[in-house]
Structures are given as structure tokens and as C-alpha cells.
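**Student:** Please find one structure pasted underneath; my questions will follow.
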Amino acid sequence: MTKRERSKKTFGGYLYDLRKERGIGFDELRLHLGVSKAYLNDVETDSCRPPTPEIQTKILKYICQKKALKQEEISRFYSLAASSRGELPADVLQFLISNDSVLDEIRATQNYKTFWQNEGI
């Protein structure tokens with residue numbers, strides 16, 4: 001599998017591509033994040049789980065200082081990280097935490113009610 005093919009499917013490859021496309025050096029990013037060479041290498045090669053949501057946001061803010069990202073690029077970044085971590089995407093989680101009315105709207109949907117009925121609750 002080539003780097004380009006890998007980058008379309010994994011968090012590490014996607015991060016690598018975003019960093020390279022914006023001219024951000026490996027050491028530049030790792031120093032900004034305060035992480036070791038080994039850790040950032042492991043992230044970019046998918047040898048470990050993606051970083052925490054807090055570090056994900058720090059990465060995106062730094063990348064956006066160099067060149068703004070499109071909404072779909074941000075969504076893909078968070079979704080790939082969440083998929084690998086087995087979590088909700090950090091942007092979606094933050095939105096839900098900040099908007100109680102959205103939680104109420106979700107709970108009012110038939111899909112939500114059916115989901116819990118199928119769970120036996």
C-alpha cells in the first residue's frame with residue numbers, strides 16, 4: 001500500500017498529508033505539541049492510537065495557522081481519529097456538550113427510541 005493510499009484510510013496518514021501539504025516539518029509540529037519524535041512518528045505511521053481530543057484540537061489549530069482547512073478536512077481528521085480511538089469525534093462531542101437542546105432533540109427522535117427499545121430498555 002502506498003503512502004497516498006494509506007493516507008485516505010488512516011488517521012496517521014491523513015495527518016502526515018495535512019502536515020506536508022502545509023509545509024509543516026515533523027520537528028516543527030512535535031515541538032509545538034511538546035511530544036517526542038518517537039510518539040509523533042508512531043501517530044503518523046498508525047503504530048499507536050491517535051492522540052487525545054485535546055491534542056487533536058491543538059494539531060488542527062496549528063495547521064490552520066499555516067493555511068485554513070476546509071470543513072470537510074476538519075471533519076475527516078476528527079472522524080478518522082475517533083474511529084481509531086472508538087470514540088465520538090471530538091468536534092461532535094464538544095458540540096453536544098455545549099448544546100443541551102441538541103441532546104433533547106436526539107432523544108426525541110424515533111431512531112433514538114427504537115435504539116433503546118432494541119437494547120431492552
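The values are calculated or read from the model by the stated rules, or taken from the named source; none is laboratory data. What you see is a predicted model, and the numbers here were worked out from it, not measured in a lab. With ideal geometry, Cβ positions are generated from the backbone for all residues, glycine too; neighbour counts draw on all protein chains shown. Ligands, DNA and RNA are excluded from the accessible area calculation, which covers all protein heavy atoms including side chains. Shrake-Rupley method; radii C 1.70, N 1.55, O 1.52, S 1.80 Å.
**Student:** Tell me, which residue of the range 79-111 that is closer than 21 Å to Phe11 by Cβ, exposed (fewer than 15 other Cβ atoms within 10 Å of the Cβ) and small (Gly, Ala, Ser) is nearest to the chain's Cα centre (by Cα)?
**Tutor:** Ser83
**Student:** Looking at Asp27, is it loosely packed, with under 14 Cβ neighbours inside 10 Å and at pLDDT below 95?
**Tutor:** No: the conditions fail for Asp27.
Let's see how each residue does on (1) in contact with a helix residue (DSSP H, G or I) (Cβ under 8 Å, 6 or more places away or on another chain); (2) of a type in the set (Asp, Glu):
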residue: Lys61; (1), (2): no, no
residue: Ala68; (1), (2): no, no
residue: Ser75; (1), (2): yes, no
residue: Tyr78; (1), (2): yes, no
residue: Ala90; (1), (2): yes, no
residue: Leu93; (1), (2): yes, no
residue: Asp100; (1), (2): no, yes
residue: Ala108; (1), (2): no, no
residue: Trp116; (1), (2): no, no
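**Student:** Same structure again: Please work out if Ser75 is within 19 Å of Leu15 (Cα to Cα), touching a residue at least 24 places away in the same chain (Cβ under 8 Å) and of a type in the set (Ser, Thr, Tyr).
**Tutor:** So Ser75 fails the test.
**Student:** Also, quick follow-up: Evaluate the range 10-17: report whether one residue or more is open to solvent by less than 90 Å² (accessible area, probe 1.4 Å), β-branched (Val, Ile, Thr) and more than 11 Å from the chain's Cα centre (by Cα). I'd like the intermediate steps shown before the answer.
**Tutor:** Just the residues of the range 10-17 that are open to solvent by less than 90 Å² (accessible area, probe 1.4 Å), to begin with: 10-17.
Now narrow it down to the ones that are β-branched (Val, Ile, Thr): 10.
Subset that is more than 11 Å from the chain's Cα centre (by Cα): none.
The answer is no; no qualifying residue exists.
**Student:** Somewhere in the range 40-56, is a residue in a loop (DSSP other than H, G, I, E, B), open to solvent by 20 Å² or more (accessible area, probe 1.4 Å), farther than 23 Å from Leu93 by Cβ and touching a residue at least 40 places away in the same chain (Cβ under 8 Å)?
**Tutor:** no
**Student:** Considering each residue of the range 27-39, count those that are part of a helix (DSSP H, G or I) and among the hydroxyl-bearing types (Ser, Thr, Tyr), and give that number.
**Tutor:** 1
**Student:** Another question, then. Residues of the range 48-65 being under 15 Å from Tyr16 (Cβ atoms) and more than 16 Å from the chain's Cα centre (by Cα), which ones? Can you show your working first?
**Tutor:** Of the residues in the range 48-65, the ones under 15 Å from Tyr16 (Cβ atoms) are 48, 50-51, 56, 59-60, 62-63.
The answer is none; no residue qualifies.
**Student:** Counting only residues that are touching a Pro at 6+ places or on another chain (Cβ under 8 Å) and surrounded by 17 or more Cβ atoms within 10 Å (Cβ to Cβ), how many does the range 57-78 have?
**Tutor:** Final tally of qualifying residues: 2.
**Student:** Something else: Filter the range 83-98 down to residues that are aliphatic (A, V, I, L, M) and without any contact (Cβ under 8 Å) to a residue 12 or more places away in the chain and give me whichever is nearest to Cys48 (Cα to Cα).
**Tutor:** Out of the qualifying residues, it is Leu88.
**Student:** Among the residues of the range 30-39, write down those that are open to solvent by less than 60 Å² (accessible area, probe 1.4 Å) and touching a residue at least 24 places away in the same chain (Cβ under 8 Å).
**Tutor:** Passing the criteria: only Leu33.
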